[in-house]
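The values are calculated or read from the model by the stated rules, or taken from the named source; none is laboratory data. Remember, it's a predicted structure, so these values are computed and weren't measured experimentally. Note: ideal-geometry Cβ built from the backbone for every residue, glycine included; neighbour counts use all protein chains shown.
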Amino acid sequence: MITVLLSSSLLMFSPSGQSCTTMIVTKGASADGSMMVAHSDDDELGDQRMIFVPSRLQTGTRSLYQESYRYPRINTTERGPGYSTPGYPMTPALFQLPYEDIWSLLGHKNEYSYAYFDANYGIMNEYNLMFGECTNGANFEPEATVVKAPGKPMRLFYSQELSRIALENCKTAREAIVLMGKLIERYGYYSTGETLLVADENEAWVFEMCALPDDVYHSAWVAQRVPDGEFFVAANEFRIRFLVKNDPDNFLFSEYLIPGLKKLGWWNEEKDGPVDWLKAVSPGEYNHPYYSLRRVWRVLDRVNPDLGLSPWVENGYTFDYPFSVKPKDKLTTSDVFSLYRDHYEGTQFDMTKGVASGPYGDPNRFVGLYDGNQNDVSSGKKMIGAWERAISVFYQGYTYVCQLRPGKQEPTKGLVWFGPDVSYTTVFMPFYSKAFGLPEALQAGGPQKFYGRCAWWPFNFVNNWSRLNFHQITRSDIIPMQSRMEQQEMQFIAMTDKAVEGLTPGEASTVLTERCQANADSVIIGWWHLAATIVAKYSDGYINLPNGDYSTPPCDLTRVIGYPAVWLNETDYSDGPTTYEMK
């Protein structure tokens, strides 16, 4: 196998892709018939903004930008005011792609692009086409190549710009998959393996891609449809297995794939049987054993525990976990929020238990100099130990759930529930796909400089402060307020749906925009109030009582927290000075 090394012993994070978890809930698997696509962007301290990209005239060429995550991921005037970031250099284009080329592959001309919500990857457009994403290890992970040398292919596309071009030009999932596949075949693919989830009102697909080390068969992709009534999850490992030919209703793949694999000696159908996509193009799990598969097991087991899936498998190419499953009970958006807030609670892998969780049950496991394997897909790794990889992980930048609701009037069908920072301690706020914009707070500011008007910062602040006493603060302060707010968000949606009844599409979009902006501002202000509350309440290791008795000494102002006896027994507490005797 051919592998490009991506990291050194001192670089903890892969410079390409994100170690994310992504899910599909088909309409037959949801409680209200909604189609849902969800994604957590576990991007360390990258660009956490969700940005509204308006419709624009498509003329001449479209700038392609190289894969990027650090704030600002793109600085340009070409994609609306949200991507124009004063004080930073303009992002140079990797390539200028003629719109005529896009239209020739699309099969028709789009004079104007479709408006959409964007982040590190495209999210949802005005026609309710939805995307999710996760990064996967691949055998070959080349850099972008712009100049087509003799006998050498260009490599212009990564999943970021593929998803954006699809949202700008496509209304259905199938149309998006065909366009992205053709773009890969014509212009080449670079960097890590990728999974994109693509869904519309009727169909949901898993689209997976990687580069191949060949001048002719330079890139490959496959796409498999998720059957209606079923649920899908991916977590940094390709999930499509055997290729199915002559079934275009449920399976599509690149014409380069089979001849490319045969030429490289990675798979030969005549000798090896049907092509196993995962095994043919990938080293398996993204990082260490169970980095990916434990999350897949956990989600599938929660969605349908009757399947009796085991958390233990023979190897990273296991067939123990189905491509998709029928949920035991049909899922709501709140159920999906809950799946993203998981640390294996109640299982043998519970990260809120044990010495590593500290005295207060903290499930976060920070990456350090001894964790060189973290997010490293290079070969020759020595496994020296690893923490379990939770779904809700400390370096999450944001999580969203796209929802397409049947039976609603057209302006209100599509929603993006967006939660800044870590899913366990965030609040999911709704935004209509037909809106004319997004709140400034969601489109401003980065993690490298504190900015109080940036939506990400109050959630990041509260999450970090919770580690003073994780169990107490999350149980007593954060989760109750999160629950109240998200219940209010559900009520807000119901009221907003009614508020736009009978309005023209333009009038409805204006009202949706204004109401969602005011609602988001209210949530962000509320979370800053929570931040101020817990700063005072847990000052100096006490619970500071705001209504303490000041009348007679000793004043009842604080409550001692201390440490649990079980944790104290694991320390040298019992060896402390209790007598004057020499020990």
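Looking only at the stretch 404-418, decide whether some residue is of a type in the set (D, E, K, R) and within 24 Å of the chain's Cα centre (by Cα). Yes: the stretch 404-418 contains one or more residues that are of a type in the set (D, E, K, R) and within 24 Å of the chain's Cα centre (by Cα).
Can you confirm whether A220 is surrounded by 22 or more Cβ atoms within 10 Å (Cβ to Cβ), within 30 Å of R405 (Cβ to Cβ), touching a residue at least 40 places away in the same chain (Cβ under 8 Å) and in contact with a helix residue (DSSP H, G or I) (Cβ under 8 Å, 6 or more places away or on another chain)? No: the conditions fail for A220. Can you tell me which residue is surrounded by the most Cβ atoms within 10 Å (Cβ to Cβ) among those in the stretch 223-248 that are polar (S, T, N, Q) and either closer than 26 Å to D41 by Cα or within 20 Å of the chain's Cα centre (by Cα) (or both)? It comes out as N236. Among residues that are hydroxyl-bearing (S, T, Y) and assigned to a loop (DSSP other than H, G, I, E, B), Y321 is included. Give me the residue from the stretch 265-318 that is among the hydrophobic types (A, V, I, L, M, F, W, C) and outside any helix (DSSP H, G or I) and, out of that set, surrounded by the fewest Cβ atoms within 10 Å (Cβ to Cβ). Across the stretch 265-318, the extreme among qualifying residues is W312. A single member of R467, R475, R389 is over 28 Å from D32 (Cα atoms), of a type in the set (K, R), in contact (Cβ under 8 Å) with a residue 60 or more places away in the chain and part of a helix (DSSP H, G or I), and it is R467. Can you name the residue in the stretch 340-391 that is at pLDDT 95 or above and of a type in the set (S, T, Y) and, of all such residues, is farthest from R298 (Cα to Cα)? For the stretch 340-391, the residue satisfying everything is Y360.
In this entry, E255 is excluded by the filter for residues that are touching a Ser or Thr at 6+ places or on another chain (Cβ under 7 Å) and touching a residue at least 12 places away in the same chain (Cβ under 8 Å). Residues in the stretch 129-139 that are buried (at least 23 other Cβ atoms within 10 Å of the Cβ) and of a type outside the set (G, A, S): L129, M130, F131, E133, C134, T135, N136.
Please count how many residues of the stretch 24-71 are without any contact (Cβ under 8 Å) to a residue 60 or more places away in the chain and at positive phi. So the answer is 1. Set side by side, the residues E501, E514, E486 differ, and just one is more than 30 Å from G361 (Cα to Cα), assigned to a helix (DSSP H, G or I) and among the charged types (D, E, K, R), which is E514.
Residues that are more than 19 Å from A138 (Cα to Cα) and touching a helix residue (DSSP H, G or I) at 6+ places or on another chain (Cβ under 6 Å) were ranked within the stretch 181-201; the one that is surrounded by the fewest Cβ atoms within 10 Å (Cβ to Cβ) is K182. Pairs linking a residue in the stretch 299-321 that is of a type in the set (D, E) to a residue that is modelled with pLDDT of 95 or more, with Cβ atoms under 7 Å and 6 or more positions apart or on different chains, are D301/L309; D306/K328; D320/L309; D320/S310; D320/V313. If the condition is being small (G, A, S) and either out of contact with any Phe, Trp or Tyr (no Cβ under 6 Å at 6 or more places or on another chain) or outside the structural domain of E143 (by TED's automatic domain parsing) (or both), then the stretch 94-129 contributes S104, G107, S113, A115, A119. Scanning the stretch 407-424 for residues that are within 19 Å of M490 (Cβ to Cβ) and out of contact with any strand residue (DSSP E or B) (no Cβ under 8 Å at 6 or more places or on another chain), we see that the one that is surrounded by the most Cβ atoms within 10 Å (Cβ to Cβ) is K408.
Here Q488 fulfils each of the conditions (1) in contact (Cβ under 8 Å) with a residue 12 or more places away in the chain; (2) under 23 Å from E514 (Cα atoms); (3) in contact with a helix residue (DSSP H, G or I) (Cβ under 9 Å, 6 or more places away or on another chain); (4) not aliphatic (A, V, I, L, M) apart from (1). Tell me, which strands (runs of 3 or more DSSP E) lie completely within the stretch 10-64 with 2 or more residues that are at pLDDT below 95 and within 15 Å of the chain's Cα centre (by Cα)? By residue number, no strands (runs of 3 or more DSSP E) qualify. M481 meets each of the listed conditions (1) farther than 29 Å from Y83 by Cα; (2) out of contact with any Leu (no Cβ under 6 Å at 6 or more places or on another chain) apart from (2). Filtered by the rule that a residue be in contact (Cβ under 8 Å) with a residue 24 or more places away in the chain and part of a helix (DSSP H, G or I), the stretch 453-464 gives W456, P458, F459, N460, F461, V462, N463.
Summed over the stretch 190-211, residues that are under 16 Å from A280 (Cβ atoms) and in contact with a Phe, Trp or Tyr (Cβ under 6 Å, 6 or more places away or on another chain) total 3. If you go through the stretch 75-94 one residue at a time, do you hit one that is out of contact with any Cys (no Cβ under 6 Å at 6 or more places or on another chain), surrounded by fewer than 18 Cβ atoms within 10 Å (Cβ to Cβ) and outside any loop (DSSP other than H, G, I, E, B)? Within the stretch 75-94 (the criterion being out of contact with any Cys (no Cβ under 6 Å at 6 or more places or on another chain), surrounded by fewer than 18 Cβ atoms within 10 Å (Cβ to Cβ) and outside any loop (DSSP other than H, G, I, E, B)), the answer is yes, since at least one residue qualifies. Only one of the listed residues (T496, T474) is buried (at least 16 other Cβ atoms within 10 Å of the Cβ), of a type in the set (S, T, Y), within 24 Å of Q443 (Cα to Cα) and at pLDDT 95 or above. That residue is T496. All conditions but one from (1) touching a helix residue (DSSP H, G or I) at 6+ places or on another chain (Cβ under 9 Å); (2) at pLDDT below 95 apply to D301; the one that does not is (2).
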